[in-house]
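The values are calculated or read from the model by the stated rules, or taken from the named source; none is laboratory data. Since we're looking at a predicted model, the values are computed, not measured. Every residue, glycine among them, receives a Cβ derived from its backbone with ideal geometry; neighbour counts consider all protein chains shown. Protein only, heavy atoms only, side chains kept; ligands, DNA and RNA dropped before computing areas. Shrake-Rupley method; radii C 1.70, N 1.55, O 1.52, S 1.80 Å.
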Amino acid sequence: MLNAVDGSWDRITLAGLAFSGLAQVDKTERSRKVDKPSAPGADGVRLRIKGREVAEPEITLVGWTDEHLAEMRRIADAVHPIGRGERHNAIAAEHPRLAFHGITKLFVVKVTGPEVGDDRRVTLTLETIEWRPPPAGARSATRSPTAPARPAPVAFTGLDAAPVASYAATPAPRASASTPAAAVPASFSAPPSASVAPLGGTSGRLASGV
């Protein structure tokens, strides 16, 4: 059966452009993300299937004529544009090995070459990833966390009393020999002191009562 379609396994079409040289497609596969937790001392394992992995096919184009080299240039410009304004999108891919695993679109990550071998054959290598976007409605795992809402500031009007800080009054320090001024409260008033006033308008003489 392979002999009947053998020619198609050497050909590939990328982004609607057919390559007339030889095409080699490797690393086509299908796999799933699986965890295998096991309890200590227990036999067997319980599988946790998390989802399907994407394949990462590697495509090698081999040519030996000027037309093959021109086709490589057109394919490279289509699958991985050089121009800054050109969009880099996933492209349609047709090859029997890709179709075997249900791969119809690829995103080209890297283009290497062309390399010229000793036999004067030219080789161009494309590293790709299977293009399979998540189903509609699926939540993105790269969503940025939402910042917590800040409380709204409280505005006071003339009818409202602003809150008073409930701090206890600092007690006045006690008198000490080293800092007597700090020990005297601000509201302290000295008692009246006794004074001797002269009598009879005579200065310098004290009344003796006689």
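Quick notes on this structure:
- Protection proxy ranking of 47-53, 121-127 - average other beta-carbon atoms within 10 Å, highest first: 121-127, 47-53
- With the highest mean first, a sort of the peptides 112-119, 25-32 on other beta-carbon atoms found within 10 angstrom per residue produces 25-32, 112-119.
- For the stretch 1-133, the solvent-accessible area works out to 68 Å² per residue, with a probe of 1.4 Å and every protein chain left in place.
- Here the stretch 1-134 exposes an accessible surface that is 50 percent carbon and sulfur, computed with a 1.4 Å probe and the other protein chains kept in place.
- Cα-based reach from residue 36 at 25 Å (exclusive), listing lysines while leaving out same-chain residues under 8 positions away: 27, 50
- Local net charge near residue 102, Cβ-Cβ under 10 Å (Lys/Arg +1, Asp/Glu -1): +1
- Hz values of 3J(HN,Hα) by residue in the stretch 8-22 - Karplus curve (6.51, -1.76, 1.60), Gly and Pro given as x: 6, 6, 9, 10, 8, 10, 10, 6, x, 10, 7, 9, 8, x, 9
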